[in-house]
1. If I filter the range B:173-189 for residues that are of a type in the set (Asp, Glu) and surrounded by fewer than 21 Cβ atoms within 10 Å (Cβ to Cβ), do I get at least one hit?
2. Can you tell me which residues in the range B:20-78 are among the charged types (D, E, K, R) and farther than 18 Å from residue B:138 by Cβ?
3. Within the range B:111-153, how many residues are closer than 26 Å to residue B:40 by Cβ and of a type in the set (Val, Ile, Thr)?
4. Tell me the residue from B:168, B:177 that is without any contact (Cβ under 8 Å) to a residue 24 or more places away in the chain and either farther than 18 Å from residue B:9 by Cα or not β-branched (Val, Ile, Thr) (or both), please.
5. For the range B:146-171, how many residues meet the condition of being touching a Lys or Arg at 6+ places or on another chain (Cβ under 6 Å) and in a helix (DSSP H, G or I)?
6. Do any residues in the range A:29-49 that are over 11 Å from residue B:192 (Cα atoms) and facing another protein chain (nearest Cβ under 9 Å) have Cβ atoms under 7 Å from those of residues that are part of a loop (DSSP other than H, G, I, E, B) and at pLDDT 85 or above, where the two are at least six apart or on different chains, and which pairs are they?
7. For residues that are touching a Gly at 6+ places or on another chain (Cβ under 9 Å), closer than 30 Å to residue A:83 by Cβ and exposed (fewer than 15 other Cβ atoms within 10 Å of the Cβ), tally how many sit in the range B:1-57.
8. Working carefully through the options A:96, A:76, find the one that is among the aromatic types (Phe, Trp, Tyr) and more than 7 Å from chain B (Cβ to nearest Cβ).
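The values are calculated or read from the model by the stated rules, or taken from the named source; none is laboratory data. The shown structure was predicted, so the numbers you read here are calculated from the model rather than taken from an experiment. Positions of Cβ are backbone-derived with ideal geometry, glycine not excepted, and every protein chain shown enters the neighbour counts.
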Amino acid sequence: MENHEHEPHENHITSYTTLAKVLIGLLFLTFITVAVTGIHLGPLTVAVALIIACVKGGIVLTWFMHLKFELPVFRYMVLGVFLLFALIIIVTFFDYAFR
Amino acid sequence: MEEHRDDIGSRMGMWIFIFTELLLFGGLFLVYAIYRADYSAEFHTAAHELNAFIGALNTVILLVSSATVAMAITAVQKENKKLALILVAITLLMALFFLVNKYFEWGHKIHLGIYPGSELLTKLERGELLFFGLYYFMTGLHGFHIVVGMILLTVVFFKIKSGAINAGSFVLLENGGLYWHLVDLIWIFLFPLLYLLT
């Protein structure tokens with residue numbers, strides 16, 4: 001364990017209470033999603049459902065997947081992949097719209 | 001001789017693998033988005049066939065299992081082996097529940113004659129055909145990931161039991177957890193897109 005000082009992650013212990021709170025938050029957001037899609041808001045429903053899904057995804061990445069306590073390089077990599085995916089979506093839709 | 005280990009490298013390798021998985025499912029979400037834009041009315045009709053209750057139940061199951069596997073890491077760090085084993089076992093049980101639900105869900109659809117290549121499906125509108133095709137492929141691929149995750153977590157369970165995974169060395173548990181959270185993450189998007197947006 002010679003590289004212990006380079007590992008801020010290894011020393012961090014996420015408490016059971018924190019994880020339980022995160023779970024409750026995620027369950028609450030699931031409930032909100034089901035409730036919101038039940039009332040018909042038209043195209044807005046898709047937007048709301050996707051925004052809530054993104055928030056839930058962010059919570060999973062931050063706490064469950066420990067990104068909050070990882071080295072910054074992990075966060076940059078994840079950000080890079082999401083930017084790449086966003087770019088793929090944009091480019092595809094442009095191609096599709098102007099065909 | 002000192003044991004050679006690189007936990008950061010292990011986790012980074014796992015993350016890079018997870019990125020490939022995200023782009024794999026990302027591509028499918030893109031296909032879904034394009035066809036949904038093209039056949040929105042048919043997608044709405046077809047999505048009515050899906051059971052939102054089972055979808056919601058499976059969401060809850062996966063969220064709970066994600067929390068338990070994350071808690072297992074805490075338990076291992078606190079050297080509470082027994083609790084860690086219980087938490088991983090609960091995660092595996094939840095995974096099994098998920099698959100049982102999926103079995104009944106798919107079974108019901110197949111009973112109704114809605115399955116890839118079925119006679120009924122070919123008579124439906126093109127948009128509905130595409131929706132069910134995507135539904136079976138995306139939930140099927142996701143279900144396959146559940147099975148892989150279960151195998152991985154079973155290995156983790158026995159390694160915790162044998163002491164190979166302990167408070168000083170638990171990167172395999174972390175990576176198994178990361179994989180399991182990925183499965184959860186994908187479902188978080190699959191559930192509203194397939195089951196709720198009717």
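1. From the range B:173-189, those of a type in the set (Asp, Glu) are B:174, B:184; that's our starting set.
With surrounded by fewer than 21 Cβ atoms within 10 Å (Cβ to Cβ) added as a condition, the list becomes none.
Looking for residues that are of a type in the set (Asp, Glu) and surrounded by fewer than 21 Cβ atoms within 10 Å (Cβ to Cβ), one finds none in the range B:173-189, hence no.
2. Filtering the range B:20-78 for residues among the charged types (D, E, K, R) gives B:21, B:36, B:38, B:42, B:49, B:78.
If the condition is that a residue be among the charged types (D, E, K, R) and farther than 18 Å from residue B:138 by Cβ, then B:78 is the only one that fits.
3. Result for the range B:111-153: 3.
4. Values: B:177 fails: without any contact (Cβ under 8 Å) to a residue 24 or more places away in the chain.
Going through B:168, B:177 in turn, just one is without any contact (Cβ under 8 Å) to a residue 24 or more places away in the chain and either farther than 18 Å from residue B:9 by Cα or not β-branched (Val, Ile, Thr) (or both): B:168.
5. Taking the range B:146-171 and keeping what is touching a Lys or Arg at 6+ places or on another chain (Cβ under 6 Å), we get B:165.
In the following step, the residues that additionally are in a helix (DSSP H, G or I) were identified as none.
Qualifying residue count for the region: 0.
6. Partner pairs satisfying both residue conditions: none exist.
7. Residues flagged as touching a Gly at 6+ places or on another chain (Cβ under 9 Å), closer than 30 Å to residue A:83 by Cβ and exposed (fewer than 15 other Cβ atoms within 10 Å of the Cβ) within the range B:1-57 amount to 2.
8. On the way: A:96 fails: more than 7 Å from chain B (Cβ to nearest Cβ).
So the residue among A:96, A:76 that is among the aromatic types (Phe, Trp, Tyr) and more than 7 Å from chain B (Cβ to nearest Cβ) is A:76.
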